[in-house]
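A.B. asks: So that we are looking at the same thing, I have put the structure below in structure tokens.
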Amino acid sequence: MPIIVEEGFTVDLSARLKQGNLDAIILAKPFSESGIQTRALYKEPFVVVVPISHPWTARDAIRTDELSEETVLLLGKGHCFRDQVLAACPSCLHGGGQDDLQRTLESGSIETIRHMVASGVGVTVLPCSAAGAEEYSRRLLSIKRFSNKQPYREVVLAWRKGYPREQAISALSNAVLGCPMCCVTMSE
């Protein structure tokens, strides 16, 4: 079975799924659409990502309320991960005044945000699998857990009810669950 991976906004992907243009999508909850079935895949914690030169690099963990003291880089409006971060860490958004606008910066991609953090523009909150543990990032970024209740997202596989290739859905689910994701806890 050939697999073509596409990235997009949840609203667009779910519309394409309903139209039959996609067989399955992987997305984070909350997600509920009529005619769509879901299967829980895993729970993925959020982490704080800071430039290697940041004072927090020496610390083991960060409190969510401490983010209000920093320039926080977030995905732009329309990205569901932005909403998930703001629900878990409301102090990431600095109210909306003129000074606050300069303390919250937005981007259209996680990769751009990681580069901006590495450049010293600010800090961010990312799902741990996107935090960047590869060699490039280890020299430029420091990844920190939260000290208080660990925020996370629940990732699910979704497909149309009555989809005729049930084995393909199982194979995709098993492939995702078989990936070595050290920062992710598997669902029960």
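A.B. asks: Among (1) touching a Leu at 6+ places or on another chain (Cβ under 6 Å); (2) outside the structural domain of Ser109 (by TED's automatic domain parsing); (3) assigned to a helix (DSSP H, G or I), which single condition is Ile26 missing?
C.D. replies: (3)
A.B. asks: So Leu41 passes all but one of these: (1) within 29 Å of Asn148 (Cα to Cα); (2) not in a strand (DSSP E or B). Which condition number does it fail?
C.D. replies: (2)
A.B. asks: Hey, Arg160 hits all of (1) within 21 Å of Arg82 (Cα to Cα); (2) modelled with pLDDT of 90 or more but one; which does it fall short on?
C.D. replies: (1)
A.B. asks: Six or more apart or on different chains, Cβ atoms under 8 Å: show the pairs whose first residue is in segment 76-87 and closer than 14 Å to Phe31 by Cβ and whose second is of a type in the set (Lys, Arg).
C.D. replies: Short answer, once both residue conditions are applied: Phe81/Arg153; Gln84/Arg153.
A.B. asks: Among all residue pairs at least 6 apart or on different chains, which show Cβ distances below 6 Å where the first residue, located in segment 1-18, is within 13 Å of Gly78 (Cβ to Cβ) and in a helix (DSSP H, G or I) and the second is modelled with pLDDT of 80 or more and of a type in the set (A, V, I, L, M, F, W, C)?
C.D. replies: Matching pairs, first to second residue: Thr10/Leu27; Leu13/Ile25.
A.B. asks: Exactly one of (1) surrounded by 11 or more Cβ atoms within 10 Å (Cβ to Cβ); (2) under 17 Å from Val155 (Cα atoms); (3) of a type in the set (S, T, N, Q) is unmet by Thr64. Its number?
C.D. replies: (2)
A.B. asks: Given the structure, is Leu126 part of a strand (DSSP E or B), modelled with pLDDT under 75 and either on the phi < 0 side of the Ramachandran plot or surrounded by 17 or more Cβ atoms within 10 Å (Cβ to Cβ) (or both)?
C.D. replies: So Leu126 fails the test.
A.B. asks: Residues Leu27, Leu22, Leu75: which one is at negative phi, at pLDDT below 85 and buried (at least 16 other Cβ atoms within 10 Å of the Cβ)?
C.D. replies: Leu75
A.B. asks: I need the full set of residues from segment 138-172 which are of a type in the set (Ser, Thr, Tyr) and within 15 Å of the chain's Cα centre (by Cα), in order please.
C.D. replies: Residue satisfying the conditions is Tyr152 alone.
A.B. asks: Okay, moving on. What's the number of the condition Glu135 fails, among (1) at pLDDT 65 or above; (2) more than 12 Å from the chain's Cα centre (by Cα)?
C.D. replies: The number of the failed condition is (1).
The values are calculated or read from the model by the stated rules, or taken from the named source; none is laboratory data. The model shown is predicted, which means the values in this text are computed figures rather than measured ones. Here Cβ is always computed from backbone atoms with ideal geometry, including for glycine, and neighbour counts include all displayed protein chains.
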